[in-house]
């Protein structure tokens with residue numbers, strides 16, 4: 001029973017003391033168990049590196065990420081200096097620049113560490129949301145992998161070294177500019193023109209959606225003059241000696257976009273007018289290399305960041321439910337809320353286990369004999385898994401964070417009360433980046449039909465769900481066979497619409513089944 005008092009003693013101090021003291025890795029037994037299971041003999045080394053990065057991400061970088069998210073600190077453009085020189089300076093908070101330098105200074109993509117060290121570092125850092133580092137990390141990895149395969153000139157080799165290991169203590173940042181105004185995912189429709197002038201390639205035209213606009217180097221798609229084939233180029237944002245003078249490399253940043261989420265990250269519209277660029281890979285293989293290298297790594301880390309966002313959101317909601325008192329008890333004691341939290345925690349954990357299992361299968365391809373039919377099937381399976389994960393994990397992340405916000409009641413949407421609204425907005429952006437749901441669902445359907453002659457859908461699903469519920473796998477295989485008997489997803493009729501609706505739900509359930517098998521594997525063997 002309560003009586004009137006003008007000095008209400010209730011505080012959130014206990015919750016805040018807990019939240020401010022959480023170490024993302026040390027205080028998470030599940031991620032430790034998951035990492036130990038998948039890293040095997042590398043466990044001790046990877047665990048040690050995880051502890052080091054978590055000590056920074058959980059406290060110093062967490063606070064910086066929260067600080068730079070305030071609206072008054074969002075980036076803006078300064079197009080001209082005081083003498084009317086065009087500079088296109090992106091003005092960002094000092095905390096952003098410090099945090100970015102510290103994070104990239106870890107040399108995330110150096111050969112010094114195993115891929116698992118890179119993965120757990122990114123997972124831990126992603127728990128702070130976008131913070132103007134998540135997208136650039138992903139883009140830099142794609143640039144590094146592209147150049148590891150194709151760098152063959154002094155310029156491209158230097159760019160690779162700058163992004164992987166740094167030069168004179170400075171580690172460069174990468175971006176990727178693919179989208180044009182006529183269609184983001186429709187890369188073959190790009191019309192940005194690449195012209196060879198003497199021995200130098202230059203770019204002319206516009207790009208409409210350019211994230212990480214502050215980056216040092218950029219992967220750009222363009223069509224060589226007179227060709228219908230898309231080529232890939234690497235563009236330095238500044239030519240040597242010009243960064244300090246703020247003279248950009250033959251392009252202007254026309255404006256910074258106003259986005260719903262990832263607000264700390266600059267996304268711009270650009271016009272190229274003779275920007276010097278270096279071709280990377282065969283000029284007629286741009287689309288293949290974008291999808292096979294650049295987008296593959298981006299989609300992998302969209303799944304990983306979704307797991308990281310969920311992990312933090314559920315952890316904070318669960319602890320709040322244990323400490324928040326209402327109606328005479330902790331709100332976590334109410335069965336409906338406890339059920340909801342259990343379900344959210346299950347989704348976060350299976351997403352994490354699934355992300356690590358997908359990555360382990362992706363890494364295993366490097367060790368496989370490339371010439372065997374079995375390896376061909378594995379490579380196909382991993383390709384589809386990466387798209388399925390991107391679809392399901394990014395979608396689930398937004399749902400889980402929204403539900404986690406509801407645990408805080410009205411406080412859940414207050415951005416000075418919790419980081420969850422920011423993570424929610426960032427998660428919604430992840431649903432759209434690197435291919436929206438409908439595009440990837442269509443691609444998966446087309447891939448499975450094309451491969452059916454040498455990799456039957458029933459066999460594909462049995463392999464995908466190996467180690468899981470055998471009866472469920474058989475049922476899903478039968479369901480896939482029925483859906484894939486439809487000719488395609490492009491016919492304008494009621495039957496196709498019905499198949500599309502079922503295909504959407506089927507793919508989501510299929511990846512959930514894969515995640516369930518992954519978490520069962522971790523719990524049983526981890």
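With respect to the stated conditions, residue 313 is under 18 Å from residue 420 (Cα atoms) and at pLDDT 95 or above. Filtered by the rule that a residue be under 29 Å from the mean Cα position of the chain (by Cα), more than 14 Å from residue 173 (Cα to Cα) and not in a loop (DSSP other than H, G, I, E, B), the range 211-244 gives 220, 221, 222, 223, 231, 232, 233. When the range 62-73 is filtered for residues that are surrounded by fewer than 20 Cβ atoms within 10 Å (Cβ to Cβ) and either in a loop (DSSP other than H, G, I, E, B) or touching a helix residue (DSSP H, G or I) at 6+ places or on another chain (Cβ under 6 Å) (or both), the ones remaining, listed by number, are 67, 70. In summary, helices (runs of 4 or more DSSP H) completely within the range 271-372 and bearing 3 or more residues that are within 30 Å of residue 228 (Cβ to Cβ) occur at 286-289, 295-323. Only one entry of 178, 160, 192 meets the criterion of being buried (at least 17 other Cβ atoms within 10 Å of the Cβ), without any contact (Cβ under 8 Å) to a residue 24 or more places away in the chain and closer than 19 Å to residue 249 by Cα, and that entry is 160. Taking the criterion of being without any contact (Cβ under 8 Å) to a residue 60 or more places away in the chain and assigned to a helix (DSSP H, G or I), the residues of the range 43-61 that qualify are 43, 44, 47, 48, 51, 52, 55, 56, 60.
The set of residues in the range 230-252 that are over 17 Å from residue 272 (Cβ atoms) and in contact with a strand residue (DSSP E or B) (Cβ under 7 Å, 6 or more places away or on another chain) contains only 246. Beta carbons closer than 8 Å, at least 6 apart along the sequence or on distinct chains, pair a first residue in the range 363-381 that is assigned by TED's automatic domain parsing to the domain that holds residue 449 and more than 21 Å from residue 461 (Cβ to Cβ) with a second that is modelled with pLDDT under 95 and part of a helix (DSSP H, G or I) for 369/375. Identify all residues within the range 124-135 that are assigned to a helix (DSSP H, G or I) and over 10 Å from the mean Cα position of the chain (by Cα); write none if there are none. Matches in the range 124-135: 124, 125.
Checking each residue in the range 28-42 for being without any contact (Cβ under 8 Å) to a residue 12 or more places away in the chain and over 16 Å from residue 521 (Cβ atoms) picks out 29, 41.
Looking at the structure I just gave you, is residue 249 closer than 13 Å to residue 87 by Cα and touching a residue at least 24 places away in the same chain (Cβ under 8 Å)? Give the steps one after another, and end with the answer.
Values: closer than 13 Å to residue 87 by Cα: yes; touching a residue at least 24 places away in the same chain (Cβ under 8 Å): yes.
For residue 249, the condition - closer than 13 Å to residue 87 by Cα and touching a residue at least 24 places away in the same chain (Cβ under 8 Å) - is met.
Within the range 201-209, not a single residue is out of contact with any strand residue (DSSP E or B) (no Cβ under 7 Å at 6 or more places or on another chain), farther than 24 Å from residue 149 by Cα and not in a helix (DSSP H, G or I). If you go through the range 485-503 and keep only what is part of a helix (DSSP H, G or I), in contact (Cβ under 8 Å) with a residue 12 or more places away in the chain and surrounded by fewer than 16 Cβ atoms within 10 Å (Cβ to Cβ), you end up with just 502. Residue 97 meets each of the listed conditions (1) free of Cβ contacts under 8 Å to residues at least 60 places away in the same chain; (2) surrounded by 14 or more Cβ atoms within 10 Å (Cβ to Cβ); (3) part of a helix (DSSP H, G or I) apart from (2). Of all residues in the range 393-451, those that are in a helix (DSSP H, G or I) and on the phi > 0 side of the Ramachandran plot total 1. For the residues 19, 51, the requirement of being assigned by TED's automatic domain parsing to the domain that holds residue 66, surrounded by 10 or more Cβ atoms within 10 Å (Cβ to Cβ) and closer than 18 Å to residue 321 by Cβ singles out 19.
The values are calculated or read from the model by the stated rules, or taken from the named source; none is laboratory data. Everything numeric in this text was worked out from a predicted model, so none of it was measured. All Cβ positions, even for glycine, are placed from backbone atoms using ideal geometry, and neighbour counts span all protein chains on display.
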